[in-house]
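The values are calculated or read from the model by the stated rules, or taken from the named source; none is laboratory data. Note that the structure is a prediction, hence the values are computed from the model and not measured. Methodologically, a virtual Cβ is constructed for each residue, glycine included, from the backbone with ideal geometry; neighbour enumeration extends over all protein chains shown.
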């Protein structure tokens, strides 16, 4: 579980203008729901935002989802990151998808198949490991699934 304070710090250095703007929107929304002040971003987004009042759900979905998605995205991007996986992830990909090239083809198809803005994900859900795509800033947490890899397929 990742705290909201961690995400604030992360965005302060990576995308200060965008981060401040999004946090202003999240803070404004959460000001109307003080019972959520001590909840983590994971808890807010889980189970399709079940604990978030309907009146602020869209703001938390769009802005909180955006923070969570990009924070994972930036964790897996960077120097000396990427490439073909090793260890348990490599074995799981081979078992589920056949090999890394087949995984890449299916992952690319999920990304390219997303019309408009969204994300492609390698997730762990009730059916095991699978590739899914979500619209806008939605993410696997909202469906009680665990994200392993996320790819931003927004048209920016």
Problem set entry | Conditions (1) closer than 16 Å to residue 45 by Cβ; (2) loosely packed, with under 15 Cβ neighbours inside 10 Å; (3) at pLDDT 95 or above; number of the one not met by residue 144 | (3)
Problem set entry | Every residue from the range 127-141 that is in a loop (DSSP other than H, G, I, E, B) and either modelled with pLDDT of 95 or more or over 20 Å from residue 105 (Cβ atoms) (or both) | 136, 137, 138, 139
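Within the range 34-124, considering only helices (runs of 4 or more DSSP H) that don't extend past its boundaries, which have at least 1 residues that are under 26 Å from residue 155 (Cβ atoms)?
Hits in the range 34-124: 41-49, 54-59, 65-76, 100-112.
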Problem set entry | Close pairs (8 angstrom Cβ cut-off, 6 or more residues apart or separate chains): assigned by TED's automatic domain parsing to the domain that holds residue 135 in the range 92-111, surrounded by fewer than 15 Cβ atoms within 10 Å (Cβ to Cβ) and outside any helix (DSSP H, G or I) anywhere | 93/99; 96/128; 100/84
For this session: Please tell me if residue 151 is under 24 Å from residue 31 (Cβ atoms) and crowded, with 17+ Cβ neighbours inside 10 Å.
Result: no
Problem set entry | Among the residues listed as 65, 83, the single one being exposed (fewer than 15 other Cβ atoms within 10 Å of the Cβ) and either farther than 30 Å from residue 36 by Cβ or out of contact with any strand residue (DSSP E or B) (no Cβ under 8 Å at 6 or more places or on another chain) (or both) | 83
